[in-house]
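A.B. asks: There's a structure below that I have some questions on.
The values are calculated or read from the model by the stated rules, or taken from the named source; none is laboratory data. Not measured: the values here are computed from a predicted model. Reconstructed Cβ throughout: ideal geometry from the backbone, glycine too, with neighbour counts over all protein chains shown.
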Amino acid sequence: MATTSAALTSVVSPRRFNHDLAVYVKEAKYEFLKYLRIPVYSFSTVLFPVMFYVLFGLLMNRQGTIGQVSVSTYLIASYGTFGVMGASLFANGVGVASERGLGWMQVKRASPMPPFAYFFAKLVASMIFGSIIVLLLLILGIAFGGVHIALLSALKLLAVLIMGAIPFCAMGLAIGYFAGPNSAPALVNIIYLPISFASGLWIPLAFLPKFLQKFATVLPPYHLAQLALQTVGGFGHGLNSTHWEFLAGFTLLCLGIARLGFHRDEGKTYG
Amino acid sequence: MSASVLRSLQESEQKGNGNMSPVVASLNRISKNYGEVQALRNVNLAIHAGELLALLGPNGAGKTTAVKLLLGLAKPTAGNVSVFGGNPVEAEFRMRTGAMLQVAKVPETLRVREHIDLFSSYYLNPLPMSETLAIAGLESIKDRKFGELSGGQRQRVLFALAICGNPDLLFLDEPTVGLDVEARRLLWEQIRKLLARGKTVLLTTHYLQEADALATRVIVINRGVIAAEGTPSEIKARSAGKQIRCVTSLSIDAVRRMPGVVEVLQDREALQIKATEAEPVLRQILASDQAISGIEVTSAGLEEAFLALTEDHNLTQPETLGSN
């Protein structure tokens, strides 16, 4: 971030490398604990997707199928995507905006913390919250929704959604570097809820109007949801490689925007 | 050896032979602009090993900017910054510095010992946790979450984060701002202990009293330029002196004629007297007015001290200078 020398020295000295590794692990641990203890974060990011799933996947549409899969299976993939996206956007978008705007990031940057440890910790915390959500959905689906899923498919689903935290963490950073500490939560909600809906995460795309189905193909959550669906045998739209490419491109774009925000900050009073 | 003895030793040593201990960090002909605003203008500043240098100035003087430059958090517009002979942004030098900055919000759900544990891990040779807790006076609240702490306790945690890596050089940016008298004194004690351990400290403050209580050397900064530099007593002597308030039957003119009196104003029934020193003026007034009452003596306000100091230098500055 401010310098790459931490990374360079770590190549040079093994002691430094081990030390940095320990910092990364500790940073991630405390980042996770920090969010776990903020009820607004841990409850809303975990509870919302789970609650939606119970309502729409378990209570209302028990017998339905979409393509080749049952509604209760389909919605594990789509609410899993929704959950991972929420956990990543809130931890990074709101987290960075507030820590940057209210001076905490500066305290970290003045310390000898390896600069990337900060971002790594946020990514790991988002991935852990994402995994918790996906596992809860799987457990609920299997226990109460008659979901049959092979262990390997379940693991693949989990892996895809964990990787899916990356583009949304990058998106969170882009938001966090431009939004103020007070406006960030509202901004994240304004972006996150509509694109979730329009990507077919709440109501499967097949039930949405044609123009929305077309529009969905430019939305990142749509692409992640398609990848997730295919792991549970759902009928995905489009090629897997296209979805991955889209998400990779989106990640780079967001990191570029975040970088602009970072440099914009450098000339200012905080950053 | 007590901190104050050490301090006076250092003071006399520095004064006595005129050669100071080596420079550990410096700003060399530094200018820093934030857009149109000139926060610092051609500033030279050196921090010597083992001293507590107080950077004294009103809000917006450029104190925080100086600290940020020394920490590598901001890039100078012109000039160069040296910390331990190198660039402050490099991790190697950050290992040897600690910083207590003004921060509006610290993660509130982590416990005191967790915050310290994390920051200690950044350093290669940190202090043991128990020692950090002891120095900062946090043993009894180490298991509390940051959000549950009082203002003074919060500042002590930030202080602990600055010292936990056992750094040689500490930056304390307005460490006691917003604290009550007792919390301030407690933090002062802790800062004195650091000095006694041979640490070098740069402290910014807008309290003359704080600089006086802690510093071995004071640099007064105003509107981005250095207005004065010296020991605390030198600075105090150059500042606007004392203010005496009393109810007296003496006329304004009579008081004004007394030696040492700078200015006299009528304030309701009392006289407001500005003097270079309080005692000689008081002696004269007491001798000539038996009925005097309601005597109050105060140090000149910082604002007045700054006015006095900056007027010496004939500074003509635009009004837009210096955002923190």
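A.B. asks: Within segment A:103-117, is even one residue without any contact (Cβ under 8 Å) to a residue 24 or more places away in the chain, charged (D, E, K, R), over 23 Å from A:M163 (Cβ atoms) and assigned to a helix (DSSP H, G or I)?
C.D. replies: Among the residues of segment A:103-117, at least one is without any contact (Cβ under 8 Å) to a residue 24 or more places away in the chain, charged (D, E, K, R), over 23 Å from A:M163 (Cβ atoms) and assigned to a helix (DSSP H, G or I), which makes the answer yes.
A.B. asks: Which condition breaks for B:R94 when tested against (1) surrounded by fewer than 19 Cβ atoms within 10 Å (Cβ to Cβ); (2) within 16 Å of A:S111 (Cβ to Cβ)?
C.D. replies: (1)
A.B. asks: Being hydroxyl-bearing (S, T, Y) and under 23 Å from B:K242 (Cα atoms) is the filter; apply it to segment B:178-225 and report the residue that is surrounded by the fewest Cβ atoms within 10 Å (Cβ to Cβ).
C.D. replies: B:Y207
A.B. asks: Also: So, in segment A:75-114, exactly how many residues are of a type in the set (S, T, Y) and out of contact with any helix residue (DSSP H, G or I) (no Cβ under 6 Å at 6 or more places or on another chain)?
C.D. replies: Final tally of qualifying residues: 1.
A.B. asks: Could you go through segment A:145-157 and let me know if any residue there is among the polar types (S, T, N, Q) and at pLDDT 95 or above.
C.D. replies: No, segment A:145-157 has no match at all.
A.B. asks: So, one more: Report, by residue number, each residue of segment B:3-42 that is of a type in the set (D, E, K, R) and at pLDDT below 90.
C.D. replies: Matches in segment B:3-42: B:R7, B:E11, B:E13, B:K15, B:E36.
A.B. asks: Related question: Looking only at segment A:30-43, which residues are farther than 10 Å from B:L110 by Cα and touching a residue at least 12 places away in the same chain (Cβ under 8 Å)?
C.D. replies: Result: A:F32, A:Y41, A:S42.
A.B. asks: Going through segment A:18-45 one residue at a time, which ones are more than 14 Å from chain B (Cβ to nearest Cβ) and either assigned to a loop (DSSP other than H, G, I, E, B) or modelled with pLDDT of 95 or more (or both)?
C.D. replies: First, the residues of segment A:18-45 that are more than 14 Å from chain B (Cβ to nearest Cβ): A:44-45.
Once the filter is applied, which keeps residues that are more than 14 Å from chain B (Cβ to nearest Cβ) and either assigned to a loop (DSSP other than H, G, I, E, B) or modelled with pLDDT of 95 or more (or both), segment A:18-45 yields nothing.
A.B. asks: Consider B:D143 against the criteria (1) more than 13 Å from chain A (Cβ to nearest Cβ); (2) free of Cβ contacts under 8 Å to residues at least 24 places away in the same chain; (3) acidic (D, E): it satisfies all of them except one. Which criterion is unmet?
C.D. replies: (2)
A.B. asks: Among helices (runs of 4 or more DSSP H) lying entirely in segment B:131-236, which contain 3 or more residues that are of a type in the set (D, E, K, R)? Break it down stepwise before answering.
C.D. replies: Numbers: elements: B:151-163, B:181-196, B:208-214.
Counting at least 3 such residues, we get B:181-196.
A.B. asks: Among the helices (runs of 4 or more DSSP H) lying completely within segment A:144-254, list those that include at least 3 residues that are loosely packed, with under 15 Cβ neighbours inside 10 Å.
C.D. replies: A:151-163, A:184-198, A:210-216
A.B. asks: Here's another thing I want to ask about it. Any idea how many residues of segment B:19-30 are surrounded by 16 or more Cβ atoms within 10 Å (Cβ to Cβ) and either closer than 15 Å to B:V225 by Cα or under 19 Å from the mean Cα position of the chain (by Cα) (or both)?
C.D. replies: Of the residues in that region, 5 qualify.
A.B. asks: Please indicate, with yes or no, whether at least one residue in segment A:83-102 is within 12 Å of chain B (Cβ to nearest Cβ) and surrounded by fewer than 18 Cβ atoms within 10 Å (Cβ to Cβ).
C.D. replies: Yes, there is a match, as at least one residue in segment A:83-102 is within 12 Å of chain B (Cβ to nearest Cβ) and surrounded by fewer than 18 Cβ atoms within 10 Å (Cβ to Cβ).
A.B. asks: Just to be sure, is A:P181 at negative phi, within 14 Å of chain B (Cβ to nearest Cβ) and not β-branched (V, I, T)? Walk me through how you get there before you give the answer.
C.D. replies: Details: at negative phi: yes; within 14 Å of chain B (Cβ to nearest Cβ): yes; not β-branched (V, I, T): yes.
In short, yes.
A.B. asks: Out of all the residues in segment B:175-225, which are over 11 Å from the mean Cα position of the chain (by Cα) and of a type in the set (S, T, Y)?
C.D. replies: B:T200
A.B. asks: Can you name every one of the strands (runs of 3 or more DSSP E) wholly within segment B:46-128 that holds 3 or more residues which are at the interface with chain A (Cβ under 10 Å from one of its Cβ atoms)?
C.D. replies: B:97-100
A.B. asks: Pick out the one residue from B:A196, B:A160 that is within 26 Å of B:V24 (Cα to Cα), within 14 Å of chain A (Cβ to nearest Cβ) and touching a helix residue (DSSP H, G or I) at 6+ places or on another chain (Cβ under 9 Å).
C.D. replies: Just a single option satisfies the conditions, and that option is B:A160.
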